[in-house]
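What follows is calculated from the coordinates using simple rules that are stated; it is not laboratory data. This structure is a prediction, so every number in the text was calculated from the model and none was measured. Cβ placement follows ideal geometry from the backbone for every residue including glycine, while neighbour counts extend to all protein chains displayed.
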Amino acid sequence: MESTSIRLGGIDLASTIMNASGPHSAERGEILELSARHGGAILFKSCNLAGLEAPENLKNRGVQHFATLARELTTRGKTVFGSVVGQSAKELVEVAKALDQAGVRALELNLADDFVQNSVAAFASLDRLKSVLEPVRQEVRAALAVKIPPKLSLEPRAVAEIFINLGIAIAVCANDLSKDFSVDLKTATAAGQRRTVSQVHAFFEAGGGKLDLVAVGGINSGRDAYVAHLTGAKAVQVGSALIKEGAGALGRIDRELDNLLTENGKSSVNEIVGTLRFQG
Ligand SMILES: Cc1cc2nc3c(=O)[nH]c(=O)nc-3n(C[C@H](O)[C@H](O)[C@H](O)COP(=O)(O)O)c2cc1C
C-alpha cells in the first residue's frame, strides 16, 4: 500500500506494519510465509549465539539459523531485521556482527526482556547503557534499534540523547496507552489536558524529531496502528494478532490503516506521525 510506506531509520519500507519479534518469526517456514505474504520488513525472533532452551519466550536456534535465513531473504530483495539477545554485552556484539554480516538492514537489540535485563542490565544507569551500546555501534553497519523495557527507571530524555549521540536510529517502545484513551481520528484530538499518553509518546517528545519510534503492544487493527502513529510511531509491530490469525494479520492491518488514511483525507501515513493534539 503506497499510503503506508515509510522511511524508518534511513530504510525505505513498503509498509509501516511489521511483525513483532517472536510470534511467527522463529522457524524457517514461518519466516518464509511472512515474507511471501507481506511486503514490509520482516523481523526475526530474538536470538543469541548458541541458541536457548529457556526461558520459554526466548527459545531459539541460535544466530547461525537466522544468519542463513537473512542471506536467503536478502538475496531475494527482502528487507530483513534481526533481533539480538545475550547474557553479556560481549555476546550482544557477537550476535549483532553475525546478523550484520548476513545482510540484515536493521538490528533490534532486545534489551527489554527480563532475561537480558537481569544479565546485561543495560538500563541500570546511563553510563552502563552507553557502555553496552557503543561497541555494538562500532562493529556493525546496519541501522540500530533498541527495544526499551516497558518499565523504565531512566528518564526518556536522557536515554533518547544517548541514542541520538551514539547513532542509534530507532527506539522500539511500549504502546501502553491507557484502556480509556480516546482520540478523534478526523481531528487527531484526544480528550483532556495535554499529557504524555504512552512510552512511544514520551520518546517521541524526548527525541525532538531525531529519533524514529516503533510502537509495540496491543496493535490488533488499523485503528490501533493509526493511533500509535498519531502518538509518534513511524512503524508498528504486531505480535498477538499474528498468533491468533497467522501471517494474514499484517496485510489486514495494513489495509485497514490504508482505508482509515483515505477516510481521513490523508494520502500518506507521514502526514499523521506525531500529530496528536489535546482538547485542553
Ligand atoms: C510467544 C511470544 C514470543 C515472543 N518472543 C519475543 C522475542 O523473541 N523477542 C522480543 O523482543 N519479543 C518477544 N515477544 C514480545 C513481542 O515482540 C511483543 O513485544 C509483545 O507480544 C507485545 O505485542 P502484542 O501486544 O502485539 O502481542 C514475544 C511475545 C510472544 C507472545
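When each pair of different Cα atoms in the chain is counted once in the 1/r mean, what is the Kirkwood radius in angstroms, to one decimal?
For the chain, inverting the mean 1/r across all distinct Cα pairs yields 18.6 Å.
Report, to the nearest 10°, how far helix 126-139 tilts away from the longest principal axis of the Cα atoms in the chain, using its own Cα long axis and a range of 0 to 90°.
On a 0 to 90 degree scale, this one is about 70.
Among DSSP bridges having both ends in the chain, what percentage is antiparallel? Round to the nearest 5.
15
Answer with one residue from V63, L230, V172: the one whose Cα lies farthest towards the positive end of the charge dipole of the chain, charges on Cβ with Lys, Arg +1 and Asp, Glu -1.
L230
Where does helix 28-37 land angle-wise versus the long Cα axis of the chain, in degrees 0 to 90, nearest 10?
For 28-37 against the chain, the angle is about 30 degrees.
I'd like the orientation of helix 248-263 relative to the chain: the angle between its Cα long axis and the longest Cα principal axis, in ° from 0 to 90, rounded to 10.
Result, in degrees: 30.
With a point put 7 Å past each Cα toward its Cβ, work out how far S178 is from E53 in nm, to one decimal.
My value for the distance between the label points is 4.6 nm.
I need F123, F203 ordered by Cβ neighbour count within 10 Å, fewest first.
So the ranking, lowest neighbour count to highest, is F123, F203.
Would you work out which of A26, I11, L107 lies farthest towards the positive end of the dipole of the chain? Charges go on Cβ: Lys and Arg +1, Asp and Glu -1.
Going by the Cα projections, it comes out as I11.
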